[in-house]
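These notes are about the structure you will find just below.
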Amino acid sequence: MPDHSPERAPDHAPDGAPSQAPDGGHRASLWLWSLLGLFAACVPCALLVVEKLGSALSPVPLVLAILAALAGYVLAVRTVVGERFRQHPRRSRILVWSAAAGLFLGSVAVLLTFRPPPPPLTRMSGARDVAVVGFAAEGGRQDRQVLDDVAAAFAHDTAARIPTATAVRSYAGEVSLPLAQLAGTRRGALEGKTARFADETNAEIVVGGLVSEDQAGQTTLRPAVYVRADQIPDSPELTGWFLGAPVLVARGWESARARAQLVGELTGWIGALARFVDALDTWRNGSPTEAGRILAGLLDAERQDGVGGFVPPDLVRLFHGHVLEDQASGESGPAREKLLAAARGDYLAIGRDSPAGRRAALSLQGNTYRRALGPTHSCKPGTVRDTDLAQVSRALRTLAADPGVTELGRIKATVNLAQVEQSRITAGLVKDDGTVARAVASVRAAPDVTGSADLRAFAESVAAVNAAGRGDLAEAIERIRHAIAHGQDPVQRAVWHGLLAS
């Protein structure tokens, strides 16, 4: 007889579906989230294993791998939500999607956090190191491996042909710089990454370039070099990246002879740049005669061959004049006048429209000042040429206010103006009208740019002489001590120590 007592529970739910125990739903939920968590963790684990066993993935394959994993993950979550949460409220499904997204984003964050760092680049230890970073293809029509091979061959041949280079190494394939920015005017990212690369590798000169191919299949290379600012503070025109003239690659990269000719031509350009940098370093270290010999050799090679390069001939002439003037400072009489006249000839050979034209105009005023001091090399009354000094003072005022002159050039013009005016005061040609004090104050307020340290120190020495002339010895001692503390030229510092003693 059937039992109709109300205490007995039915075997099925009212809608006909079998009942499910609460602990079964909990186990299913745990299984679901464990599966999704395991799937999300597989992505970073797999990529970390790949990078640990091999080399670090570049950004493109890394992003593609993450996107592929994300596509699979989305399909898995969609399937699970469709099967397990179809009858649940929309809010529950959104929560599941949100939690799954959090799991995946967390896994990607773990990947990016614990990625092994890229292997360090080989650091060169010489004083004249050249790094070749490869050549970038404009339009992407060149084989990347072929360009890397050309860079490696160029580095190998350059090491044998440039005696001033202590090391030449190709980093093509090891480092990726945005060399395509060489074709544009915005090079911020390229300059910043190259500066870090140069610091890491200790490279003094970095070599790269752009390769293009026209409709007829003719290949052209535009070589480019990067020179660190701290290597040539006297020549800001050559710091950072700059492009050379285009070079035609006859018959493309397939011709071994064409590649050899190209490598030979580029090696000559880099060699001239390395010798120029070596000359400036030699000059700064107190050997103007040897520096003049190197620069004269560069000028002779340019006159004989007429071959272009990275160093403009006018810039070589400019510094050749500078080293001649330094040699003249140790001479007297006809020998001194001959060296100063030769330096003047270098400056006059530089046209006004040349990129170095304004610097030549500034150097020409310094040359006129030195010649106006006469045989005594001093500003004693009756020994200087008043007309020449007055003309130099006017020209320096114009250059100091010229917006076309670089910041460093304006600082130098202002310092030289203070020097010339103080010489006129010492020689008794003019009264002190405050020009020296205003010029020195302008130098102190000017931005701190590369190469300005010695100029600032020299301005302080002029201020010391001016203060001593006014009878303010305490101010004079303070200014000359400041010049000694910040000046870097050992010869000039020795002169200032003599002034301090006096």
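The values are calculated or read from the model by the stated rules, or taken from the named source; none is laboratory data. Keep in mind that this is a model prediction, so the values were computed, not measured. Backbone-built Cβ (ideal geometry, glycine too); neighbour counts: all protein chains shown. For accessibility, only protein heavy atoms count, side chains too; no ligands or nucleic acids. Shrake-Rupley method; radii C 1.70, N 1.55, O 1.52, S 1.80 Å.
A single member of Ala153, Ala165, Ala198 is modelled with pLDDT of 85 or more and either in contact with a helix residue (DSSP H, G or I) (Cβ under 8 Å, 6 or more places away or on another chain) or open to solvent by less than 50 Å² (accessible area, probe 1.4 Å) (or both), and it is Ala198. Close contacts from the range 145-162, counting a first residue that is free of Cβ contacts under 8 Å to residues at least 60 places away in the same chain and in a helix (DSSP H, G or I) and a second that is of a type in the set (Phe, Trp, Tyr) and surrounded by 21 or more Cβ atoms within 10 Å (Cβ to Cβ), with Cβ to Cβ under 9 Å and a gap of 6+ residues or different chains, come to Asp148/Phe135; Ala151/Phe135; Ala151/Tyr171; Ala155/Tyr171. Restricting attention to the range 258-289, the residues that are of a type in the set (S, T, N, Q) and closer than 26 Å to Ala245 by Cα total 2. Applying the condition of being touching a helix residue (DSSP H, G or I) at 6+ places or on another chain (Cβ under 7 Å) and in contact (Cβ under 8 Å) with a residue 24 or more places away in the chain to the range 186-195 and asking which residue is least open to solvent (accessible area, probe 1.4 Å) yields Leu190. When you scan the range 438-456, how many residues do you find that are in a helix (DSSP H, G or I), under 14 Å from Asp234 (Cα atoms) and either open to solvent by less than 30 Å² (accessible area, probe 1.4 Å) or out of contact with any His (no Cβ under 7 Å at 6 or more places or on another chain) (or both)? Summing the residues that are in a helix (DSSP H, G or I), under 14 Å from Asp234 (Cα atoms) and either open to solvent by less than 30 Å² (accessible area, probe 1.4 Å) or out of contact with any His (no Cβ under 7 Å at 6 or more places or on another chain) (or both) in the range 438-456 gives 2.
Among the residues of the range 457-502, those identified as in contact (Cβ under 8 Å) with a residue 40 or more places away in the chain, under 30 Å from Thr239 (Cα atoms) and open to solvent by 30 Å² or more (accessible area, probe 1.4 Å) are Phe458, Pro490, Val491. The conditions of being out of contact with any strand residue (DSSP E or B) (no Cβ under 9 Å at 6 or more places or on another chain) and modelled with pLDDT under 90 are met by Asp353.
For the range 267-306, which positions are small (Gly, Ala, Ser), surrounded by 18 or more Cβ atoms within 10 Å (Cβ to Cβ) and more than 27 Å from Ala131 (Cβ to Cβ)? Once the filter is applied, which keeps residues that are small (Gly, Ala, Ser), surrounded by 18 or more Cβ atoms within 10 Å (Cβ to Cβ) and more than 27 Å from Ala131 (Cβ to Cβ), the range 267-306 yields only Gly292.
In summary, Ser107 fulfils each of the numbered conditions (1) at pLDDT 70 or above; (2) among the polar types (S, T, N, Q); (3) outside any helix (DSSP H, G or I) with the single exception of condition (3).
Beta carbons closer than 6 Å, at least 6 apart along the sequence or on distinct chains, pair a first residue in the range 217-240 that is under 17 Å from Ala272 (Cα atoms) with a second that is of a type in the set (S, T, N, Q) for Tyr226/Thr194; Val227/Thr239. Assessment of the range 234-250 against the conditions (at negative phi, in contact with a Pro (Cβ under 7 Å, 6 or more places away or on another chain) and in a helix (DSSP H, G or I)) yields at least one matching residue. Leu324 meets each of the listed conditions (1) buried (at least 19 other Cβ atoms within 10 Å of the Cβ); (2) not in a helix (DSSP H, G or I) apart from (2).
Of the residues making up the range 175-226, those that are farther than 21 Å from Ala155 by Cβ and assigned to a loop (DSSP other than H, G, I, E, B) are Gly184, Thr185, Arg186, Arg187, Asp214, Gln215, Ala216, Gly217, Gln218. Condition first: out of contact with any helix residue (DSSP H, G or I) (no Cβ under 7 Å at 6 or more places or on another chain) and either of a type in the set (A, V, I, L, M) or under 18 Å from Gly451 (Cβ atoms) (or both). Now tell me which residues in the range 403-436 satisfy that. If the condition is that a residue be out of contact with any helix residue (DSSP H, G or I) (no Cβ under 7 Å at 6 or more places or on another chain) and either of a type in the set (A, V, I, L, M) or under 18 Å from Gly451 (Cβ atoms) (or both), then Glu407, Ala427 are the ones that fit.
Within the range 423-435, restricting attention to residues that are assigned to a helix (DSSP H, G or I) and open to solvent by less than 20 Å² (accessible area, probe 1.4 Å), the residue that is nearest to Arg394 (Cα to Cα) is Thr435. Test Val227 against the criterion of being within 30 Å of Lys412 (Cβ to Cβ) and buried (at least 18 other Cβ atoms within 10 Å of the Cβ), and give yes or no. Judged against the criteria, Val227 is a match. The numbered conditions (1) at pLDDT 90 or above; (2) more than 30 Å from His320 (Cβ to Cβ); (3) surrounded by 22 or more Cβ atoms within 10 Å (Cβ to Cβ) are all true for Ala136 except (1). Under the condition of being modelled with pLDDT of 75 or more and open to solvent by less than 60 Å² (accessible area, probe 1.4 Å), the residues counted in the range 78-91 number 0.
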